[in-house]
Amino acid sequence: MSAETQYNKTLVLIVDDNPQNLKVLGNILRENTTYGLAFAMNGFEALEFISAKKPDMVLLDVMMPDMDGYEVCRQLKKDPATENIPVIFITAKTEAEDAVMGFEAGGVDYISKPFHEQELLMRIRTHLDLKLSRDMLEDKNKELQQAYETIEKLALTDSLTGLANRRSIMNLMLIEVSRCDRNGGYFSLIMCDIDFFKKVNDTYGHDAGDYVLKTISDIMRTNLRQQDVISRWGGEEFLIMLPQTDLDKAVAVAEKLREAVKSAVMSFAGEHFSVTMTFGVSRFDKGSGIEHSIKKADDALYTGKQTGRNKVVMAE
Ligand SMILES: [Mg+2]
């Protein structure tokens, strides 16, 4: 965007109780700039306009009946929605303390009448440039922040199922371990795997395989608690962490999941079929650490696979 295009969208509000002053200032700006102009003749009108239209700058007379310019400026600075709008006081008052009061009220500049036209224009332009750069920076920061959040989310999420990925559940397990260290809590792990998943892919195609993975993820979400963490650990393998859950309870949870998966009818591209899953369950053991607890669940899952599948096996 060129500078001039940017200024074309710039809105300057001029506030003065004297119509003649409004006219003089308005004419100067109209003849020398492309700013959009708005006018207000008292403080109330000015504040109403400012909160509705958020101008880029306010040129503010100090001496006005009912509400003076200082008060208008203070009000504007109190509102987070308008606090960043620069205010330049334009006044016939020339005492140094008047200028000080203007700055104290939150003004960025203080120009005494009669003013030098070119100087006035330069000051307005300088403060406008500052404001517009700041706005642009703020927008960029927001975009950057959103991009970071998206990247962060992508880095922690399995894109197909929307479940936590391996890295994410590892982080969350470590957090849970330190919480347990502090509070004496405990948790269990379920490692589970879809039986004969390769056959689903071979028979119905990979899209059907993806559909099964997504459907099973949904079944798990529905059957688990908010505080449980479900992750896609590998291809057709899932690891679930159940905080504050002992081994027997975790086995019962796995049994419930096994039933729910087994009884779900998969319907894809006109084909109807069902799948089963095998589950290995372990309890986190403080003494031997998280890797060992994962391995115990994995070993139990392996035993389940070796002894017929579609079952829940509790780790030794
Ligand atoms: Mg006045």
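Here, each number is a calculation from the coordinates, and none is a lab measurement. Quick caveat, the model's predicted, so the values are computed rather than measured. Here Cβ is always computed from backbone atoms with ideal geometry, including for glycine, and neighbour counts include all displayed protein chains.
The ranking of HIS206, HIS127 by Cβ neighbour count inside 10 Å, starting from the fewest, reads HIS206, HIS127.
Only lysines eight or more places from LYS295 in sequence, or on another chain, were considered; those with a Cα closer than 30 Å are LYS153, LYS198, LYS199, LYS214, LYS249, LYS256, LYS262, LYS286, LYS305, LYS311.
Using only Cα atoms, what Kirkwood radius does the chain have, in angstroms? Could you put the intermediate results ahead of the total?
Working: mean 1/r = 0.0399 Å⁻¹.
Roughly 25.1 Å, rounded to one decimal.
Using unit Cβ charges (K, R positive; D, E negative) and no other charged atoms, how large, in debye to the nearest 20, is the dipole of the chain about its Cα centre? Kindly include the intermediate steps, with their values, before the conclusion.
Numbers: 38 positive and 49 negative charges, 301 e Å.
Here the size comes out at about 1440 debye.
In segment 1-89, which GluC sites (Glu not before Pro) fall in coil by DSSP and have 15 or fewer other Cβ atoms within 10 Å? Provide the component values of the computation, followed by the final result.
Numbers: sites: GLU4, GLU31, GLU45, GLU48, GLU71, GLU83; in loops: GLU83.
Filter output for segment 1-89: GLU83.
Taking every alpha-carbon pair under 8 Å whose residues sit at least 6 apart, segment 166-314 reaches a relative contact order of 30 percent.
Using C-alpha pairs under 8 Å with a sequence gap of at least 6, the mean separation divided by the residue count of the chain gives a relative contact order of 12 percent. With the charge dipole of the chain set up from +1 on Lys and Arg Cβ and -1 on Asp and Glu Cβ about the Cα centre, the Cα lying farthest toward the positive end among the listed residues GLN227, ALA105, THR10 is that of GLN227. For LYS54, a cut-off of 30 angstrom between C-alpha atoms picks up these lysines, skipping any fewer than 8 places away in its own chain: LYS9, LYS23, LYS77, LYS78, LYS93, LYS113, LYS131, LYS140, LYS142. Dipole of segment 129-210 computed with +1 at Lys/Arg Cβ and -1 at Asp/Glu Cβ about the Cα centre; of SER178, LEU154, ILE190, farthest Cα towards the positive end is SER178. Using alpha carbons only, how many angstrom separate the centre of segment 197-246 from the centre of segment 53-105? If you average the Cα positions of each part, the centres end up 61 Å apart. The GluC sites (Glu not before Pro) of segment 219-313 include none that meets both conditions, a loop assignment by DSSP and at most 12 other Cβ atoms within 10 Å of the site Cβ. Once the mean of 1/r is taken over each pair of separate Cα atoms and inverted, segment 3-146 shows a Kirkwood hydrodynamic radius of 15.4 Å.
Using the C-alpha atoms of segment 163-299, what convex hull volume per residue, in cubic angstrom, is computed? It would help to have the intermediate numbers written out before the result.
On the way: hull volume 12.9 nm³, N = 137.
Dividing the Cα hull volume of segment 163-299 by its residues yields 94 Å³.
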